1. Could you tell me how many degrees, from 0 to 90 and to the nearest 10, lie between the Cα long axis of helix 29-39 and the main elongation axis, the longest principal axis, of the Cα atoms of the chain?
2. For region 267-402, compute Rg over Rh where Rg is the Cα radius of gyration and Rh is the Kirkwood radius from the inverse mean 1/r over Cα pairs.
3. Would you please name the trypsin sites (Lys or Arg not before Pro) within region 1-42 that are DSSP coil residues with at most 13 other C-beta atoms within 10 Å of their C-beta?
4. Starting from the Cα of Ser22, move 7 Å in the Cα-to-Cβ direction to define the label point; list residues of region 228-253 whose amide nitrogen is under 18 Å from there.
5. Give the value in nm², to one decimal: projected area of the alpha carbon convex hull of the chain, averaged over all directions.
6. Which pairs, out of Lys311/Lys343; Lys127/Lys311; Lys75/Lys312, put more than 24 Å between their alpha-carbon atoms?
7. Specify the angular offset, from 0 to 90 degrees and rounded to the nearest 10, of the alpha carbon long axis of helix 390-402 from the longest principal axis of the alpha carbons in the chain.
8. State, in angstrom, two size descriptors of region 53-151 derived from its alpha carbons: Rg to one decimal place and Dmax to the nearest whole number.
Amino acid sequence: MSFGYKPELSEGAIKCPIFQTSTFVFKSAEEGKSFFEVAYGLREADEAEEPGLIYSRINNPDLEILEDRLSLWDKADDCAVFESGMSAITTVMLEFLNPGDVILHSLPLYGGTDHFIQHVLPRFGIKGMSFYPNESISELRNRIHEAGLSDKVRMIYVETPANPTNSLIDIEACKKLANELSTSDNKVFVAVDNTYMGPLWQHPLKHGADFSIYSATKYIGGHSDLIAGAVCGSSENIKRVKVLRTFLGNMCGPWVGWLLMRSLETLKVRMEQQCSNAQIIATWLKDHPKVEKVYYLGLIQESDPQYQIYKKQYTAPGAMLSFDIKGGEKEAFRFLNALNIIKLAVSLGSTESLAEHPYTMTHAGCDREQLAEFAVTEKLVRLSIGIEHADDIIADLEQALAAV
């Protein structure tokens, strides 16, 4: 809670103040020169030398302290924070992919990420190749070789659990494939969108990922009052990310950085309550006569191939669940429109419970045939479980289902 902050440097303030300033005053011209040499990579910092404050597009005390604290959660060397989750995702892709490269990615993906890979990266000569949650590494390896892309893959990007189906991807298997495809000249990176699990229930770097990426808007922020993103990884990789961030200008601002530091102090307490609620609610939903199927990590059967991945990668089943309502869009909409305590809104991971319709909302721009393959249909409803009393959430679900 206090890591990286020295009260004596801020008039003894118990909490880090908001450094709402665009620029910082140098003590001397020589100091300014020294700060810029390190910031622009003209020389390496000395062992005891700390990066000097120059300009809030480059660094700011609120951002630096926040990044230090986020690094602890993922046991990362360093972290870079951004003004949104999509800016974190796209900056990593633009820094480590070049024209002619291939990004191998899991399906399904969040709609914004899917659009960027399918419609934006091709404008820069970067091709996407998808794979399925239950596809074995040997099958995927064969497809890559048959397509003649073995020397083109530069990044494996996975969303696990997937949004909105909670399907799982084995990170260690992806790392193994990345190592096989890497050469002395070109390393294949593994990036994991860890938004669904937050920095509490899964630690991608521990399983071999090079990047653990977040929409910090979600569990890290946790109060539906900010937009932010974050990337954790090695010092070498995050240094590259921060350099591109400086020139794209998509860093998080000091006010949002301060709000995120506030949120981190209750992160574990909030997430544990949300997970406890979700387990109760998922168990209740699976037996409801108007519910066909519930997609929740805590309900995976031991006979399911995904069970081993779940036991290996996750410390808890999380607080995100989806379910198929009996019927289709009409029934799903009637249910959503009848909710009272649970709010009809996109996003996730906040203190209040939220419900949405992925097929027509968050994933509206995705390929319809692909969505159908992953059971993202008109009857699917996604729930982000909050910290309300579980009995109140169930009472709301019960009366909304009664309206169908």
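1. Between the helix axis and the principal axis of the chain, the angle is about 40 degrees.
2. We get a ratio of 0.95 for region 267-402.
3. In loop regions of region 1-42 (DSSP not H, G, I, E or B), the sparsely surrounded trypsin sites (Lys or Arg not before Pro) are Lys27.
4. 246-253
5. Values: hull surface 83.6 nm².
Reported value for the Cα convex hull: 20.9 nm².
6. Working: Lys311/Lys343 32 Å; Lys127/Lys311 33 Å; Lys75/Lys312 18 Å.
Pairs exceeding 24 Å: Lys311/Lys343; Lys127/Lys311.
7. 50 degrees
8. My reading of the Cα-based Rg and Dmax gives 17.2, 51 Å.
Bear in mind that the values in this text are calculations on the coordinates, not laboratory data. None of these values were measured; they are calculated from a predicted model. Reconstructed Cβ throughout: ideal geometry from the backbone, glycine too, with neighbour counts over all protein chains shown.
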